[in-house]
Amino acid sequence: EKGGYEHFMLKEIFEQPTAVFDCLRGRLDAKKGTITMGGIDQHLDLLKEAKRIIIVGCGTSWHAGLLAEYVLEELCRIPVEVEYASEFRYRNPVINKGDVIIAVSQSGETADTLVALENAKNQGAFIFGVVNVVGSSIARLSQAGAYTHAGPEIGVASTKAFTAQLTVLYMIAIKLGYAKGTLTKDRYQHYINELSLVPDKILDVLNSAGSIEKLAGKYQHARDFLFLGRGYNFPIALEGALKLKEISYIHAEGYPAAEMKHGPIALVEETLPVVFVATRDLYHEKLVSNAREIKARKGMVLAVVTENDTVFEEIADDIIAVPAADELIAPLISVVPLQLLAYYTGLAKGLDVDKPRNLAKSVTVE
Ligand code: M6R
């Protein structure tokens with residue numbers, strides 16, 4: 001059942017080219033320049049006119065939601081809020097009729113997410129589900145939705161479900177942006193092409209798994225890790241930190257890189273590895289100077305960079321290169337080495353990577 005892999009987590013990381021492909025299949029047609037999604041097409045007017053979108057989820061699904069906020073605001077110009085389901089359900093949020101809630105959940109059974117949605121639905125919000133498990137409670141409660149089609153995810157760490165969630169959320173944003181007219185035909189076609197190239201680019205990253213395993217061996221004894229990113233890669237920094245802590249039990253924090261100076265920089269010393277998610281984008285130069293600041297304080301720098309980007313060579317202790325992609329789409333690729341880093345670190349420490357202590361695959365009690 002593990003298909004020759006030592007663990008489900010590794011199998012599921014390696015299934016990502018297929019998971020993303022399956023998620024795109026039958027929906028995105030790069031040649032024709034179309035994205036077909038029943039759940040969107042049937043409610044297009046309602047979605048186009050949404051005054052506000054609220055994305056609700058927990059854990060990794062919340063990280064997918066955070067990235068979707070950046071993408072939806074950029075492409076559709078609709079205000080988006082991202083909420084932890086556990087907070088949203090208790091804090092008496094302002095919900096207006098006409099608000100659209102996007103629920104993100106792999107299992108479709110997370111108790112906090114489910115109750116948050118029930119409350120919002122009772123107050124007149126429209127619920128759109130982005131769910132992996134077909135027929136799950138959240139899928140049934142949703143008034144419309146798009147399944148992620150990632151296949152069963154058994155490892156407690158969410159990996160392929162995350163990249164499939166992002167794929168669906170990107171398709172929604174691209175489709176809606178074009179329908180609204182906030183995205184030009186050229187940009188629309190450009191993003192469609194970029195998305196269609198993602199499975200092969202993830203495969204490229206997987207081919208360098210051996211070098212990431214070596215890095216995991218080198219850094220496995222660290223007590224803490226910092227993950228920094230900006231813009232579209234900020235949610236990936238958070239996700240990298242979450243993966244590492246749940247699988248290797250190393251304390252890790254994700255931060256927007258510029259926040260470093262507002263506190264976390266006090267932690268930097270010789271023993272602290274700092275991972276920069278620094279693929280080429282608008283913020284690249286700023287991340288380069290942040291990395292120099294870490295080095296000046298003797299921290300260790302690991303940089304995830306775009307291939308052929310040589311700028312980090314003289315700064316970083318270690319470099320992980322990933323294929324080039326549009327900056328908006330790049331997170332789908334830059335997260336993969338961080339999943340591998342977490343996996344191999346847990347493995348090096350002899351831990352149960354598929355069933356980390358104290359965690360359940362789906363949190364059905366609050
Ligand atoms: O099934 P869900 O997507 O609703 O689960 C949400 C979180 O419990 C889940 O993503 C959790 O954070 C994972 N263990 C992360 O790897």
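The values are calculated or read from the model by the stated rules, or taken from the named source; none is laboratory data. Remember, it's a predicted structure, so these values are computed and weren't measured experimentally. FYI the Cβ positions are ideal-geometry reconstructions off the backbone, even for glycines, and counts take in every protein chain you see. Note: areas computed on protein heavy atoms with side chains; ligands, DNA, RNA excluded. Shrake-Rupley method; radii C 1.70, N 1.55, O 1.52, S 1.80 Å.
If the condition is being within 20 Å of ILE154 (Cβ to Cβ), of a type in the set (Gly, Ala, Ser) and surrounded by 17 or more Cβ atoms within 10 Å (Cβ to Cβ), then the stretch 112-136 contributes only SER136. Assuming LEU267 fulfils every condition listed in (1) within 16 Å of the ligand (Cβ to nearest atom); (2) in contact with a strand residue (DSSP E or B) (Cβ under 9 Å, 6 or more places away or on another chain) apart from one, which condition is it? The failed condition is (1).
For the stretch 327-364, the set of residues classified as within 12 Å of the ligand (Cβ to nearest atom) and either hydroxyl-bearing (Ser, Thr, Tyr) or assigned to a loop (DSSP other than H, G, I, E, B) (or both) consists of TYR343, VAL353, ASP354, LYS355, PRO356, ASN358, LEU359, ALA360, LYS361, SER362, VAL363, THR364, listed by residue number.
Residues are listed down the side, and each one gets a yes or a no for (1) over 17 Å from the mean Cα position of the chain (by Cα); (2) within 16 Å of the ligand (Cβ to nearest atom):
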residue: TRP62; (1), (2): no, yes
residue: PRO79; (1), (2): yes, no
residue: ILE102; (1), (2): no, yes
residue: ALA111; (1), (2): yes, yes
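Looking across the stretch 221-231, the residues that are open to solvent by less than 30 Å² (accessible area, probe 1.4 Å) and either touching a Pro at 6+ places or on another chain (Cβ under 8 Å) or assigned to a helix (DSSP H, G or I) (or both) come down to ALA222, PHE225, LEU226, LEU228, GLY229, GLY231. SER334 fulfils the conditions (1) among the small types (Gly, Ala, Ser); (2) farther than 29 Å from TYR191 by Cβ; (3) open to solvent by less than 10 Å² (accessible area, probe 1.4 Å) except for a single criterion, (2).
Checked against the criterion of being hydroxyl-bearing (Ser, Thr, Tyr) and within 20 Å of VAL115 (Cβ to Cβ), the candidates THR34, THR60 yield just one match: THR60. If the Cβ limit is 9 Å and pairs must be 6+ apart or interchain, which residue in the stretch 345-358 that is at negative phi pairs with which residue that is β-branched (Val, Ile, Thr) and open to solvent by 80 Å² or more (accessible area, probe 1.4 Å)? Close Cβ pairs (under 9 Å, with a partner that is β-branched (Val, Ile, Thr) and open to solvent by 80 Å² or more (accessible area, probe 1.4 Å)) amount to ASP354/ILE154. One residue stands out among those in the stretch 138-167 that are open to solvent by less than 10 Å² (accessible area, probe 1.4 Å), within 22 Å of ALA237 (Cβ to Cβ) and β-branched (Val, Ile, Thr): the one that is nearest to the ligand (Cβ to nearest atom), which is THR159.
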